[in-house]
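Enquirer: Dropping the structure in here first, questions after.
The values are calculated or read from the model by the stated rules, or taken from the named source; none is laboratory data. Bear in mind that the values here come from a model prediction, so they are computed numbers and not experimental data. Virtual Cβ from ideal backbone geometry, glycine too; neighbours counted across all protein chains shown.
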Amino acid sequence: MSARASCCLAAVLLLGWTAGGCATGGYGAEARRRLLIQIREQGLDPDSIVLPFEPTEEMRQWVRSEIALPGDPEVRLDHLLRELLHREDAELAYERGFTATAEEVWRTKRANCLSFTHLYVGLARELDLPVYYLRVSDLQDFEKDGELVVASEHITAAYGPPARRRVLDFTDRPVTEYRNVEPVSDLTAVALYYSNLGAQRIREGRTEEAHDLLRTAVRLDPELGDGWVNLGVAQRRLGSPGDAEASYRRALEANPRLISAYNNLSSLLERQGRSEEAHALLELTDTRRNRNPFSYLALGDLSLRQKRAAEAERFYRRARQLDPQGAEPLAALGQAALALGRRRDAERALRRAEKIDPSLPRVTELARSLRSGPLTD
């Protein structure tokens, strides 16, 4: 594979999840019912969507007979963990990058942390135990192979509220106390399954199949940044660079920390002869780790310099959501409005920003731009 072909894969992210449940009653059944409603609300047929945590009847019967212990839920959860790790005297084998459903893990006895968590959550919920998925950013990892960047985060199961959360990892050894964790919704869990499976299909050279899987992923969760990145990879490999660029930009709107989105978009722009923009984009990666208003402001500024004012406005609105009391996002929105020909909106934004901090450079810059422009729309 050439260097340029390799960079097309730089967007492949294998990230984390949290899933719904499937039980005969109680918590698992209710979680599953809510999930199916959400899938319909996204315009998809629930019957066409794989729920990766759903157990088979054999698995249901096993968990009811093997983990039929009364009493403390945490005792039952520990027992389930041990039984799954050492079922039928066979160790469960770890296999990185193995995108699998709970049923496939059960049958093959292979799993990565994500696939194992599907299995664990599905069976725990079968016991009416409210286990959920947890994304652990402490263990985020980046690998580079030429221009290929692959990012992964650790995913595990958890039980209980944040103050007393019990982490149920793919191990029977004591678990490290994690600092940076985030529960993920059931709908996002399903979307991530499709995104990860699409990434696997890209690696296998099955790009058209990958494209269909990834379209489903972003339809399920339009805010799934890594799903958009993976979709961009598939689109570029299918010869649609314009669609790929749009997907990479959509990924950055969802999450300005996605290093592979920066790298893939920059590579695409470089190949199109847009070197200045490509280099400016890479300079922004220093801010990717902070999901703060500055990340969105910087991305919006780059879009505005490239005369994509509508795109800039979307970035600025996200900055405003993260910093609703700040003057800078308001002034930035004014700059975008002025570029879009909406002078009254720009003047309104300036007045509000000046009430907060009239000396801020972006506020004074907006004021100068308005003074030098026409008096009315």
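Enquirer: On the given criteria, is A151 within 22 Å of Y178 (Cα to Cα), of a type outside the set (K, R), assigned by TED's automatic domain parsing to the domain that holds T188 and modelled with pLDDT of 85 or more?
Expert: Spelling it out, it is not the case that A151 is within 22 Å of Y178 (Cα to Cα), of a type outside the set (K, R), assigned by TED's automatic domain parsing to the domain that holds T188 and modelled with pLDDT of 85 or more.
Enquirer: Quick one: which of G205, G227 is assigned to a loop (DSSP other than H, G, I, E, B) and either modelled with pLDDT under 95 or among the small types (G, A, S) (or both)?
Expert: Step by step, each of G205, G227 is checked, and only G205 is assigned to a loop (DSSP other than H, G, I, E, B) and either modelled with pLDDT under 95 or among the small types (G, A, S) (or both).
Enquirer: Among the candidates S260, S247, which residue alone is closer than 24 Å to R206 by Cβ, modelled with pLDDT of 85 or more, touching a Phe, Trp or Tyr at 6+ places or on another chain (Cβ under 9 Å) and assigned to a helix (DSSP H, G or I)?
Expert: S247
Enquirer: Still on this structure, I have one more. Would you confirm whether any residue within the stretch 23-40 is modelled with pLDDT under 50, farther than 30 Å from I259 by Cβ and not in a helix (DSSP H, G or I)?
Expert: yes
Enquirer: Counting only residues that are within 22 Å of E253 (Cβ to Cβ) and either free of Cβ contacts under 8 Å to residues at least 60 places away in the same chain or among the aliphatic types (A, V, I, L, M) (or both), which one in the stretch 176-193 is surrounded by the fewest Cβ atoms within 10 Å (Cβ to Cβ)?
Expert: Per the stated criteria, the residue is E182.
Enquirer: Of (1) at pLDDT 90 or above; (2) out of contact with any strand residue (DSSP E or B) (no Cβ under 6 Å at 6 or more places or on another chain), V121 satisfies all except one. Which?
Expert: Of (1) at pLDDT 90 or above; (2) out of contact with any strand residue (DSSP E or B) (no Cβ under 6 Å at 6 or more places or on another chain), only one is false for V121: (2).
Enquirer: Report the residue count in the stretch 315-342 for those that are more than 20 Å from R305 (Cβ to Cβ) and crowded, with 18+ Cβ neighbours inside 10 Å.
Expert: Looking only at that region, the number is 2.
Enquirer: R362: more than 15 Å from L252 (Cβ to Cβ), in the same structural domain as H279 (by TED's automatic domain parsing), touching an Asp or Glu at 6+ places or on another chain (Cβ under 7 Å) and assigned to a helix (DSSP H, G or I), yes or no?
Expert: yes
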